[in-house]
Amino acid sequence: MGVKVAFLGASPPPGTSPSAPSPRIPAAAVRTDGGSTVVFVVSDGRAERRAVRTGSAAGDMVEVVSGLTPGERVVVESPVPLKDGLSVVVR
């Protein structure tokens, strides 16, 4: 029997409260545009370009340190180049 283990980081120092975990998204959703790291979030049926700051990567998932809220949906792949405000259909 085998197991796969991932170490998520150090425990917070004693006497401090742990922060909320950062969202993890597929690495395929992260793009570089004009020197900025961005993702496209689905908001009201439209693609919304969002600058993000990424952290550690584990396999095909990337931690997003800032720029996303847990629960937001990101575009992983698109048949056409994405632009801010483009109408999208979630499949």
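The values are calculated or read from the model by the stated rules, or taken from the named source; none is laboratory data. All values derive from a computational prediction rather than experimental measurement. Note that we place each Cβ from the backbone using ideal geometry, even for glycine, and neighbour counts take in every protein chain shown.
What the table shows:
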item: So T69, is it closer than 19 Å to S22 by Cβ and either of a type in the set (F, W, Y) or not in a strand (DSSP E or B) (or both); result: yes
item: Extreme residue, modelled with the lowest pLDDT, among residues of region 49-60 that are loosely packed, with under 14 Cβ neighbours inside 10 Å and in a loop (DSSP other than H, G, I, E, B); result: G59
item: Close pairs from region 61-84: first on the phi > 0 side of the Ramachandran plot, partner at pLDDT 90 or above and not hydrophobic (A, V, I, L, M, F, W, C), Cβ under 9 Å, at least 6 apart; result: G67/T37; G67/R50; G67/R53; G67/T54
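Every residue, every condition in (1) in a strand (DSSP E or B); (2) exposed (fewer than 13 other Cβ atoms within 10 Å of the Cβ), yes or no:
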| site | (1), (2) |
| --- | --- |
| P21 | no, yes |
| T32 | yes, yes |
| F40 | yes, no |
| V62 | yes, no |
| E77 | no, yes |
| V80 | no, yes |
